[in-house]
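Trainee: Let me begin by handing over the structure; questions about it come next.
The values are calculated or read from the model by the stated rules, or taken from the named source; none is laboratory data. Since the model is a prediction, treat every value here as computed from it, not as a measurement. Positions of Cβ are generated from backbone atoms using ideal geometry, with glycine treated the same way; all protein chains shown enter the neighbour counts.
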Amino acid sequence: MRDLLLGLGGGLLAAWVLLAAALLAAHPGRAALGEALRVLPDLLRLLARLARDRAVPRTTRVLLWLTLAYLAFPIDLIPDVVPVLGYADDAIVVTLVLRAVVRRAGEGTVERCWPGTPDGLAAVTRLTRARRRPLPDGP
């Protein structure tokens, strides 16, 4: 019985390490991670706005609600008490979900729902690897 529990615990630990490594490897880089952490509060408000927006496809809204539930759940892949990395997994998950949202709902929807500054939106555009259209010249 003891061997079974040790094997199960070791397997769960190995799966956690692999999942954390895959999540960190999926992110574009350290500079982008810093940007994501800097705009994380605006990103959370953006997710909530997109999840309530009827212009966003239903499956995408479900994905957004599941992401918000993951972020609200107190147990994360990497606990938030771990300095920097604790919030990094949240930022990476949000970035990956936003990439999917941009592909499905379009950049215009994200721009319309963005609650932060233009610089923050530019950071989100870089994070999601979206191509930002230049704004038309004024009158």
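Trainee: Being part of a helix (DSSP H, G or I), under 21 Å from Thr128 (Cβ atoms) and at pLDDT 75 or above narrows it down to one residue among Ala48, Ala55; which is it?
Mentor: Working: Ala55 fails: part of a helix (DSSP H, G or I).
The conditions single out Ala48.
Trainee: Taking the condition of being polar (S, T, N, Q) and either outside any helix (DSSP H, G or I) or without any contact (Cβ under 8 Å) to a residue 40 or more places away in the chain (or both), how many residues in the range 69-114 meet it?
Mentor: Of the residues in that region, 0 qualify.
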